[in-house]
Amino acid sequence: MTAKNVPCAINLSRTETTLVATFVGDWVLTAQPPALDAVFAQLGAGTDVQQLRLVADELGRWDSLLMTELIRLIQYGAAHNIAVDTHSLPTGIQGLLSLVFAVPERAGAKRHELPDPWLTIIGKSGLRISKDAKALVVFIGEIALSIVALCQGKARFRWQDLWTHSQDCGPSALPIVSLISLLVGLILAFVGAVQLALFGAQIYIADLVGLGMTREMGGLMAAIIMSGRTGAAYAAQLGTMQVNSEIDALKTMGFEPMEFLVLPRILALVVIMPLLCLYADLLGIIGGSLVTISFFDVSLLEYFNRTIGAVHLADFTIGLAKCAVFGVLIALSGCLRGMQCGRSASAVGEAATSAVVTGIVFIVIADSLMTIMCNRLGI
């Protein structure tokens, strides 16, 4: 039968210059210990207490919780020149306390982490960036060799994997792409309507939403969604294979991991991303039409006629080209981080996180550069 737990407590009493602290009840880790503030207040400055006597006559069960509190009291007494009498404690507790204070801690024995100087931080960052850049160049070179082998008909991978990856990053991603694209179209329409309504030019909301979705926002939002969804999945899949030594097994059997694992994923995203871009453009235009038709005096026919007149084939082509580039960058970042993954479970999570961050950074930089190029070329 299990003994009933008795709440732990400390009873205090005074005898002239001596404070007696009596420990009562079960002092075990599952108990809620009383605060030592009352004891410290009796021992603090302004009191005439010169000795602290620790008594355990009514002590029940005890474990490391009691030892921790006793050590705190003894250390407090030593710091404030108050003698601590432990002779009334059980023999076992006295023995443990003697072991604790047998060898005092040597001053300066603790290790303190000093912050790195700014020059060291800059140097480490430069070395890390140089290492990552070298790994990226090597990875791109290996991918290029795999593509050359594919064009020559020498690449070895399963076409079934290509269809599987296309399914994962295509039809399976339609629900989230639909939701985000529709909302982006709604937001663009509302943002444009705030200013255009001041001039009674609500019909031009169609131009704003159509051009914004086809040239920029449709492909960009689809790419960011796929970076968080598919890029992280690629990194986690390849990272898990790295942890389980499956990639090493493929090399042992004579398979090139770049051709067998990475190439199908890149091809799937390059093919699917333009299609997702078209789908996102359509949903964004529909979202803009919902706002324009519902809140402004514009009919559905007027909205779509204005959209057809504002959006040209070149606008769609620019968006599709950007999305194809985004697909390459997402697959590249996801597979790169997956192949660089360590040999632990935490490394897989870090690889997935790094893949998302790297993919989004690549997407934003590439989109900025391509937008500047199109502006300079007058496209």
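Quick note: the coordinates plus some simple rules give every number you see, no bench work behind them. If you're wondering where the values come from, they're calculated on a predicted model, not measured in any experiment. Quick reminder, even Gly has a Cβ in these numbers, built from the backbone with ideal geometry, and neighbours come from all protein chains shown.
Take the range 310-379, compute every pairwise Cα distance, and split them into 5 Å bins from 0; I just need the percent in each bin.
3, 16, 20, 18, 12, 10, 8, 6, 4, 2, 0
Which whole-number percentage describes the relative contact order of the range 9-100, with Cα contacts under 8 Å and a sequence gap of 6 or more? Mind dumping the intermediate values first?
Numbers: 132 pairs, mean separation 28.0, N = 92.
Computed over the range 9-100, the figure is 30 percent.
Residue 361 to residue 57: extension gain in nm, 0.36 nm per residue of separation minus the Cα-Cα distance? Could the numbers behind the result be given before it?
On the way: separation 304, 0.36 × 304 = 109.44 nm, distance 6.78 nm.
The span from residue 361 to residue 57 would gain 102.7 nm if fully extended.
Which residues in the range 23-45 have a backbone N closer than 13 Å to a point placed 7 Å from the Cα of residue 88 along the Cα-to-Cβ line?
Backbone N within reach: 23-24.
Quick one: 19, 377, fewest Cβ neighbours within 10 Å first, how do they rank?
Values: 19 21, 377 7.
Final ranking by Cβ density, sparse to dense: 377, 19.
So if I restrict to the alpha-carbon atoms in the range 247-365, what is the Rg, and what is Dmax, the biggest pairwise distance, in Å?
My reading of the Cα-based Rg and Dmax gives 20.5, 68 Å.
Using the Kyte-Doolittle scale, find the helices of the chain whose mean hydropathy is at least 1.0 and whose Cα atoms extend 30 Å or more along the helix's long axis, counting only whole DSSP H runs.
Going by DSSP H runs, the hits are 118-151, 174-196, 263-295, 313-339, 345-377.
Round to the nearest 0.05 the FRET efficiency obtained for residue 133 and residue 376 when R0 = 41 Å and r is the Cβ-Cβ distance.
Approximately 0.95, to the nearest 0.05.
Provide, in order from the shortest bin, the percent of all Cα-Cα pairs of the range 9-100 in each 10 Å bin, continuing until the bin that contains the maximum pair distance.
16, 55, 27, 2
What span do the alpha-carbon atoms of the chain cover on each of the three principal axes, reported in whole Å from largest to smallest?
If we take the Cα atoms of the chain, the spans are 99, 65, 57 Å.
Search the structure for amide H atoms under 5 Å from the amide H of residue 84, placed 1.01 Å from N in the peptide plane, and list their residues when 5 or more places away or on another chain.
So residue 84 has HN proximity to 52.
Using R₀ = 35 Å, calculate the FRET efficiency as 1/(1 + (r/R₀)^6) where r is the Cβ-Cβ separation of residue 118 and residue 201; round to 0.05. Let's see the in-between values first.
Working: r = 53 Å, r/R0 = 1.53.
After rounding, the FRET efficiency stands at 0.05.
Enumerate the aspartates and glutamates that residue 154 could reach by cross-link, defined here as Cα to Cα under 16 Å, with residues fewer than 8 away along the same chain left out.
Counting by Cα, and skipping residues close in sequence, residue 154 has these aspartates and glutamates nearby: 142, 256, 259.
Any idea how far apart residue 190 and residue 308 come out in nm if each label point goes 7 Å out from Cα toward Cβ?
3.0
What 222 nm value per residue comes from the helices of the chain, counting each DSSP H run with n ≥ 4 as -39,500 (n - 2.57) and dividing by all residues, nearest 500 deg cm²/dmol? Spell out each step's value before the answer.
Details: 14 runs with 241 residues, N = 379.
Helix contribution divided over all residues of the chain: -21500 deg cm²/dmol.
Check the chain for me: any Cys whose beta-carbon has no other cysteine beta-carbon within less than 4.7 Å?
8, 151, 169, 335, 341, 374
Please give the FRET efficiency for residue 102 paired with residue 344, using the beta carbon to beta carbon distance and R0 = 35 Å, rounded to the nearest 0.05. It would help to have the intermediate numbers written out before the result.
Numbers: r = 39 Å, r/R0 = 1.13.
Plugging the Cβ-Cβ distance into 1/(1 + (r/R0)^6) gives 0.35.
Top mean-square fluctuation among 66, 329, 313, Gaussian network model of the chain, C-alpha springs under 10 Å?
66
Could you tell me what fraction of 2.2 N^0.38 Å the Cα radius of gyration of the range 228-289 comes to, as a two-decimal ratio?
1.60
Mind checking the range 274-368 for trypsin sites (Lys or Arg not before Pro) that DSSP puts in a loop (not H, G, I, E or B) and that have at most 12 other Cβ atoms within 10 Å?
On the way: sites: 306, 322, 337, 343; in loops: 343.
Here the trypsin sites (Lys or Arg not before Pro) that fit, given the DSSP loop and packing criteria, are 343.
Calculate, in nm to one decimal, what residue 251 and residue 271 gain on full extension: separation in residues at 0.36 nm each, minus their alpha carbon distance. Don't skip to the answer; put the middle values down first.
Working: separation 20, 0.36 × 20 = 7.20 nm, distance 2.76 nm.
Length difference between fully extended and current span is 4.4 nm.
With Cβ to Cβ distances under 14 Å as the rule, what net charge do the other residues near residue 63 carry (K, R +1; D, E -1)?
Working: positive: 61; negative: 26, 69.
Value of the local net charge: -1.
Sort 323, 374 by Cβ crowding within 10 Å, fewest neighbours at the top.
Numbers: 323 26, 374 15.
By the 10 Å Cβ count, ascending: 374, 323.
Remind me, what semi-axes does the range 171-236 give for its equivalent ellipsoid, largest first in whole Å, using sqrt of 5 times each Cα gyration tensor eigenvalue? Numbers along the way, then the final one.
Working: eigenvalues 187, 18, 15 Å².
Ellipsoid half-lengths, sorted descending, are 31, 9, 9 Å.
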